[in-house]
Amino acid sequence: MMRTLLLATLGLALAGHVSANDWPSWRGPASDGTLPADAEYPEEWSATDKLRWRVEMPGPGNSSPIVVGEKVFLTQAVDGGKTRSLRCLSAEDGKTLWEKDIDYGKTDPTHRTNPYSAASPVSDGNLVFAWHGNAGLHAYDLEGNERWSRDLGSDYAHQWGPNAASPVLHGDKLIVHAGPGTSVALFCLDKASGETIWSKDLPEATSKDSKEFKGSWATPLLVENAGRTEMLVGLPGSLRSFDPDTGEELWRCGGLSDLCYTNPIVGEDFAVYLCGYGGPGMGMKLPAAGETGDLTDSHRLWVDQGNKRNRQRIGTGQLVDGYLYQLDEPGVAVCLDPRTGEKIWEERLGRKSWSSMNLVGGKLYVNDQSGTTFVIDPDPEGLRVVSRNPVDPDQHTNATPAFARGSVFLRTEAFLYAFGE
C-alpha cells in the first residue's frame, strides 16, 4: 500500500487543483481504494438516513463517479451506446452543471451485465478525461470546454464489452489500456495536448475474435519499486510491468489465466493477482533494481489451481496488516495470506458483487449488486460486519463507491446517491 501512496502524494503535488479531500480517479487518489486511517466518513446510512441527495440516471452504467472540488464527474451512455457522455454534477446538491455528448451513432457488442461507458473518468484538477472506447478519448476543462479529442482506434470489440479499464494519470502523461478483443494496446498521451508520447501493441493479449473467452479489463496500477516507477497490469497469461515513461516492458510473471478483471494488489515486497472466471490466483516477490525479463521461475511465490475451482472475481480486494481481503462475485468474503495463497477464512456477505473494496478510516467498504454497502472491520480471525447500508429497493449496481469531502457517492443503474452528515 505504501508504494501507491507515495505515487499519490507525487500526483497531488503535480496536480495543483486536486486536494486531499478529492477522489479524482478510479479507486481514489492513490488508485488503490484507500484513504488514511483518520479519514472520517459515515459508517451507517440508508435510502433516507444521511441521504444528502439522490438524482436519477438516464441509463445504466458500470463506471464509478469521481469527485474534484465541488464537482462530481461520471461517464454515461444512452440509446444503446450510440451516445456517450461525460456528466458534471454539483457535489453539494446533485444538480447537473454540464453534460458533453459524443454522437457515436453505433452499437458495439457487449453483454447486458456490462453496459456502455464502463470506464470511470480521471482528473488532474485542471482537466477531466473520459475514455469512451471506440467513441474516442476526450479532455475537457472543469467548466465543460473541450480541450482535445483523440481517436485511439475503432475496432475494440468483445462479447462482454471492451473498454472497461479507466485512464490513469502519470505526471504530465495520460495512460489508457485499450481493449480487450482482436486489438489491444497501451497508449501514453500528453495530457495537455492529447499528442501520443508512446504506444504499445499487446498481441499476446488479443483474442482471435470477439467471442473468445480471453481478455483483460484491468486498469493499470502505478507503483514505486526498487527505485523506479512501474506500471503493473494483469494480462492474459501473466502479470506484467511496464515503464510508464517509455512503454518498455520491464518484467512479467506467468501463471494467470486468459481472463483478467481485477487490479494488481501490491505489498511492500510482493504482488498478488487474482484472475476471473474460475481462474487462478498468483503471488510473486517484487524484483530488485535491475531485475527484468521473465521472472516466473525466480520470483513466483505461489499459484493456485484455478481451473474453475475458484469463484468468479471481478472486484479488487484490499491488503490490510499483512492479510488480503476480497469479495468474490457470488457474494462470499475471503481472507487470504498473500504470501502463500492460503485461505484463512471465507463467509457469505451478501448478494452478488462486482464492487472493489475501499479501505477508508481503517474500515473496509464494499457493496453488492443491490446497492447495499457493507462496512467491515478487517480481522484475520473472521468476518466482522460493522453495518449493512441499503439503498432504495429494486436497485442494481456494478459500480464502486467514491469517498470525498466526508460523503459517500454511490451509483446504481437508476440513481446517483450522496450520503453524508
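Per residue, the chain exposes 37 Å² of accessible surface when a 1.4 Å probe is rolled over the protein heavy atoms with every protein chain present. Counting protein heavy atoms only, the stretch 108-244 has 43 percent of its accessible area on carbon and sulfur, 1.4 angstrom probe. By DSSP, the beta bridges lying fully in the chain are antiparallel in about 95 percent of cases. When the charge dipole of the stretch 169-234 is built from unit charges on Cβ atoms (+1 for Lys and Arg, -1 for Asp and Glu) and taken about the Cα centre, the candidate among THR182, TRP198, LEU221 whose Cα reaches farthest toward its positive end is THR182. Projected onto planes of every orientation and averaged, the convex hull of the alpha-carbon atoms in the stretch 37-160 covers 9.2 nm². Radius of gyration (Cα atoms) of the stretch 121-267, expressed as a multiple of 2.2 N^0.38 Å: 1.01.
What percent do you get for the relative contact order of the chain when only Cα pairs under 8 Å and 6+ apart count? Each step should come with its number before you reach the end.
Details: 1210 pairs, mean separation 63.6, N = 421.
It rounds to 15 percent for the chain.
Over the stretch 128-246, what is the relative contact order in whole percent, taking alpha-carbon pairs under 8 Å and six or more residues apart? Don't skip to the answer; put the middle values down first.
Values: 263 pairs, mean separation 20.2, N = 119.
Relative contact order comes out at 17 percent.
In terms of solvent-accessible area of protein heavy atoms at a 1.4 angstrom probe, what is the ranking of THR246, THR206, highest value first?
Details: THR246 75, THR206 35 Å².
Result of the area sort, largest leading: THR246, THR206.
With all protein chains in place and a 1.4 Å probe, the accessible surface of the stretch 22-73 carries 46 percent carbon and sulfur. The heavy atoms of ASP294 offer some 110 square angstrom of accessible surface to a 1.4 angstrom probe. Pairs from the table (LYS82/LYS352; LYS106/LYS200; LYS106/LYS191; LYS50/LYS82; LYS71/LYS208) lying more than 31 angstrom apart at Cα are LYS50/LYS82; LYS71/LYS208. What does the charge count near ARG388 come to, summing +1 for each Lys or Arg and -1 for each Asp or Glu among other residues with Cβ under 12 Å from its Cβ? Result for the local shell: -2.
With all pairs of different C-alpha atoms in the average, the Kirkwood value for the hydrodynamic radius of the chain is 21.0 Å. Computed over protein heavy atoms with a 1.4 angstrom probe, the accessible surface ordering of GLU421, GLU268, GLU230, largest first, is GLU421, GLU268, GLU230.
For the stretch 240-315, the equivalent ellipsoid built from the Cα gyration tensor has semi-axes of 23, 13, 11 Å, listed from largest to smallest.
Please report, as a whole percent, how much of the solvent-accessible surface of the stretch 294-370 comes from carbon and sulfur atoms (probe radius 1.4 Å). Let's see the in-between values first.
On the way: 1350 of 3350 Å².
Ligands and nucleic acids excluded, carbon and sulfur give 40 percent.
The values are calculated or read from the model by the stated rules, or taken from the named source; none is laboratory data. It should be emphasised that the depicted structure is a prediction, and the values quoted were computed from it without experimental measurement. For neighbour counting, all protein chains shown are included, and Cβ atoms are generated from backbone atoms with ideal geometry for every residue, glycine included. Ligands, DNA and RNA are stripped out before the accessible areas are found, and what is left, the full protein with its side chains, is counted by its heavy atoms. Shrake-Rupley method; radii C 1.70, N 1.55, O 1.52, S 1.80 Å.
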